[in-house]
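As structure tokens, the structure follows; a few thoughts come after it.
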Amino acid sequence: MQSVEKAMTVLSAFHHADGPLTLTQVAERAGIDRSAAQRMIHTLRVLGYIRRDSDGNGFLPGIRLLDHTLDYLRLDPLVRLATPVLQELRTAVRERVDLSLFDNARVIYAIRLQTKRQTLNATLVGHSVPSFCTSGGWAMLSRLSPDRARAIVEASDRRPFTPHTITDVDEIMARIAQTRADGYALAISQILSGEIAAGFPIMDANGDPVAAIHIAGSLAEWTPADFVQRVVPPGQQAARAISRF
């Protein structure tokens, strides 16, 4: 069990890395000594879960990790149910449509359907963003008890992404309360300046929030009122079609 835990810790060292990691960096991020890191990296390289970078100066995640990503996406019943629904939604709204999964303080994107405006992070399945400042995060937090939602917000790293990112706990809770009343979330310039996004919660059979639909557009093309009028009805319909899967 300790070996498995140590392997997961080493693989997790690459979270938020900007490039290849040296042996020392892996050891520091994993919280283990260099000798233990070296042994674990060797084992993971043999298995294909870690590889050398092209310059041979550091390490990167290995190609075998993609096998597990595929297994998750093709076997998860929520992702399988949501995929055709979101494809229809993307055709209807002609804006970026995402499905994120709830992981308390963060949301993790499992489906990304793009428009002509694309950045690398906006195309990657597995990319995560904080719950406290995203439309999908607000949507899912609004379906928790206020006490639990506040606890998640208070425990979050609330560093701003833009000058408009809301970081005050009480103000965030007010947005979550508004989302609860409206049935959808509207986030403006929270993660990316000039972006407007609507979020719609997806509930499981027990009524707990497990995912959210995000629809994102540009303030250069939409007023908030027009965006809400255009995307909220089909977004809510799609969320209802997927909920209680």
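The values are calculated or read from the model by the stated rules, or taken from the named source; none is laboratory data. Keep in mind that this is a model prediction, so the values were computed, not measured. With ideal geometry, Cβ positions are generated from the backbone for all residues, glycine too; neighbour counts draw on all protein chains shown.
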Which one is nearest to GLN229 (Cα to Cα), of the residues in region 59-93 that are within 21 Å of the chain's Cα centre (by Cα) and of a type in the set (D, E, K, R)? ARG90
Quick one: which residue in LEU141, LEU124 is aliphatic (A, V, I, L, M), under 24 Å from LEU11 (Cα atoms) and in the same structural domain as VAL210 (by TED's automatic domain parsing)? LEU124
Which residue pairs have Cβ atoms under 8 Å apart, sit 6 or more places apart or on different chains, and have a first residue in region 94-110 that is in the same structural domain as PRO201 (by TED's automatic domain parsing) and farther than 11 Å from GLY136 by Cβ and a second that is among the basic types (Lys, Arg) and part of a loop (DSSP other than H, G, I, E, B)? ARG96/ARG117
Is there any pair with a first residue in region 27-43 that is closer than 14 Å to PHE59 by Cα and a second that is of a type in the set (Asp, Glu) whose Cβ atoms are under 7 Å apart and which are 6 or more apart or on different chains, and what are they? ALA27/ASP33
Just the residues that are more than 30 Å from the chain's Cα centre (by Cα) and hydrophobic (A, V, I, L, M, F, W, C), please, taken from region 47-58. none
Select from region 74-89 the residues that are among the β-branched types (Val, Ile, Thr) and free of Cβ contacts under 8 Å to residues at least 40 places away in the same chain and write down the one among them that is surrounded by the most Cβ atoms within 10 Å (Cβ to Cβ). VAL79
